[in-house]
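As structure tokens, the structure follows; a few thoughts come after it.
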Amino acid sequence: MTGAPLATPDVLVIGAGITGASAALQLAEMGASVELIDRYGPAAMASGWTLAGVRQSGRHPAELPLARSAVALWPELDERLGAETGYRRSGNLRLARNAAEAETIRALVADQSAAGLDLRYLADLAAIREIAPPLSDEVVAASFCPTDGHADPVATVSAFARRASEQGATLAFGETVRHLETRGGRISRVITDRRALAPGAVLLAAGFLANELLAPLGTTLPLRRPMVTVLRSAPIAPLLAPVLGVANADMAARQELTGRLRVTSGAEDWAGGLVERAGAPAIRPRIRSVQATIDKVRRVLPAFAEAELEDVWAGALDLTPDALPVIDRVPEFENLVVAAGFSGHGFGIGPVTGPMAARLAIGEEPDDRLASFRFDRFADGAVATAPLTLHG
Ligand SMILES: Cc1cc2nc3c(=O)[nH]c(=O)nc-3n(C[C@H](O)[C@H](O)[C@H](O)COP(=O)(O)OP(=O)(O)OC[C@H]3O[C@@H](n4cnc5c(N)ncnc54)[C@H](O)[C@@H]3O)c2cc1C
């Protein structure tokens, strides 16, 4: 720490994933002075490791309104950000591979159609193959949401950060926040590995690492941190337009605009331990998880096993007990807002949730839609544990 003047942005956003980067743009557009800080850079963790499905189908009722707002907003992002996000509204097929999964999907379609979502139940393989011709005859039924889709996560998050900078935000990448100092129920100073800052408010959007900064303040989110294995093929000819999920969330797949197939496993336990790979944070997948993921994906999409493998990695989730995020002021600290715990499905809704958190950070009243995402909802142990999370 030097004698340089203390930076005093209105809001310091910690974490340049989709949540923090979209929050920083919102703040800059609203005229607030904002600094966006990240230990690495844009999309370095979950927002880069992600499958990057942009879906409403399979969302919890509390998240569905946010997902619908996000899907309305995604088509405008290229123009607003002045960059390609790679967003395509090419649908989401959630597959059933047996009768029990077909029942799960039928119930999902009934619930979400009643909530007003255009979600169709496809009872036979011929109808499913009209949407995704390469699927195998392991598939017995599916739901199809035509307004779901996917995007390029690194391009999207980088575009948010760049636009925020153009609108006046300061970007501080390669800098780690070490500690939040408090005084009189407020965050008084923020200590990084380089300097101290005295922001008016702090927006903590640090993903699965949020508790590293919360725990020393005597408060934490009840996060589990499972990992998901991801494989990506070399580019192949156009094969698959929609994102694929399955009823029990043990795999998902999509074809990037580059032609690469990008597939994910279900969530599994992770002992922790980030490593660095080419200067970026990385989690090493287990070899047996790689093998299991290939097996699961090839059963429904045989062409995957014929493609050349280009890359393999794993990503951590920030899983809350009810698999819903926390977007709220931290009760004990009036100028600290947390937006974390997105539980494996925070990418698609990021362009909406980041700005909502940003508005809290500058003192606006909480949006009604945030009622299910309060910080203290786990305090009395009343929240039921969610049985599964759906990726894709
Ligand atoms: C394999 C996988 C598949 C997924 N699939 C989907 C999907 O299909 N659809 C979907 O909607 N969601 C999906 N998700 C979830 C989604 O990617 C995340 O919910 C979302 O990206 C979280 O964004 P974030 O900005 O909140 O956190 P992150 O992207 O994790 O960003 C947190 C940032 O904080 C920084 N940071 C942390 N601590 C500090 C510190 N002390 N100082 C400075 N910087 C710090 C990190 O470097 C990081 O860049 C998936 C996730 C994974 C891992």
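The values are calculated or read from the model by the stated rules, or taken from the named source; none is laboratory data. These figures come from a predicted structure and were not determined experimentally. A quick note on method: Cβ atoms are made from the backbone with ideal geometry, for glycine too, and the neighbour counts reach across all protein chains shown. Protein only, heavy atoms only, side chains kept; ligands, DNA and RNA dropped before computing areas. Shrake-Rupley method; radii C 1.70, N 1.55, O 1.52, S 1.80 Å.
Annotations
- With Cα atoms as the point set, the radius of gyration and Dmax of region 289-392 evaluate to 18.3, 55 Å.
- Residue with peak Gaussian network fluctuation, the chain [Cα springs, cutoff 10 Å], from Ala196, Ala169, Ala358: Ala196
- Modelled this way, with points 7 Å down the Cα-to-C-beta line, the labels at Thr219 and Leu257 are 4.0 nm from one another.
- Summing Lys and Arg as +1 and Asp and Glu as -1 over all other residues whose Cβ lies under 9 Å from the Cβ of Val300 gives a net charge of +3.
- If you model region 1-117 as an ellipsoid using its alpha carbon gyration tensor, with each semi-axis the square root of five times an eigenvalue, the axes come out at 37, 16, 14 Å, biggest first.
- Taking other residues whose beta carbon is less than 11 angstrom from the beta carbon of Gly82, and scoring Lys, Arg as +1 and Asp, Glu as -1, yields -1.
- Solvent-accessible area, 1.4 Å probe, carbon plus sulfur percent, for the chain: 50 percent
- Contour excess over end-to-end distance, with Cα ends at Thr176 and Ala280 and 0.36 nm allotted per residue: 36.1 nm
- Extended-chain gain in nm, criterion 0.36 nm per residue less alpha-carbon gap, Arg298 and Asp367: 20.5 nm
- Less than 5 angstrom separates the built amide H of Leu309 from those of Ala234, all sequence-distant by 5 or more or on a different chain.
- Over every Cα atom in region 153-280, the radius of gyration and the widest Cα-Cα span, Dmax, amount to 19.3, 60 Å.
- Where a label projected 7 Å from the Cα of Ala127 along Cα→Cβ would reach, residues of region 229-257 with amide N under 19 Å: 242-247
- Derived scalar couplings between HN and Hα for region 58-71 equal x, 7, 4, x, 6, 8, 4, x, 5, 5, 5, 4, 5, 5 Hz in order, rounded to whole Hz, by the Karplus curve 6.51 cos²θ - 1.76 cosθ + 1.60 (θ = phi - 60°), x for Gly and Pro.
- Label-point separation in nm, Glu103 to Arg189, each point 7 Å along Cα→Cβ: 6.2 nm
- For Ala201, the residues 5 or more places off, or on other chains, whose built amide H falls under 5 Å of its own are Val11, Leu12.
- Taking a point 7 Å from the Cα of Glu84 along the Cα-to-Cβ direction, the residues of region 229-260 with backbone N closer than 16 Å to it are 235-236, 238, 255-260.
- Accessible surface, 1.4 Å probe, highest first, among residues Thr170, Thr176: Thr170, Thr176
- Model label sites at Leu309 and Thr8, defined 7 Å from Cα along the beta-carbon direction, differ in position by 5.6 nm.
- Centroid-to-centroid separation of region 138-208 and region 13-69 [C-alpha atoms, Å]: 6 Å
- If you wrap the Cα atoms of region 271-328 in a convex hull and average its projected area over all directions, you get 6.7 nm².
- A cut-off under 12 angstrom between Cβ atoms defines the neighbours of Glu138, and their net charge, with Lys, Arg +1 and Asp, Glu -1, is +1.
- Using alpha carbons only, the radius of gyration of the chain set against its Kirkwood radius gives Rg/Rh = 0.97.
- Per residue, the accessible area of the chain comes to 40 Å², computed with a 1.4 Å probe over protein heavy atoms only.
- GluC sites (Glu not before Pro) lying in DSSP loop within region 1-96, provided at most 16 other Cβ fall within 10 Å: Glu84
- Full extension of the chain between Asp269 and Ala379 yields a length gain of 37.2 nm, computed as 0.36 nm times the residue separation minus the alpha carbon distance.
- Cut-off under 5 Å, modelled amide H: who pairs with Gly17 long-range: Ala43
- The Rg/Rh ratio of region 6-48, with Rg taken over Cα atoms and Rh as the Kirkwood radius over Cα pairs, comes to 0.99.
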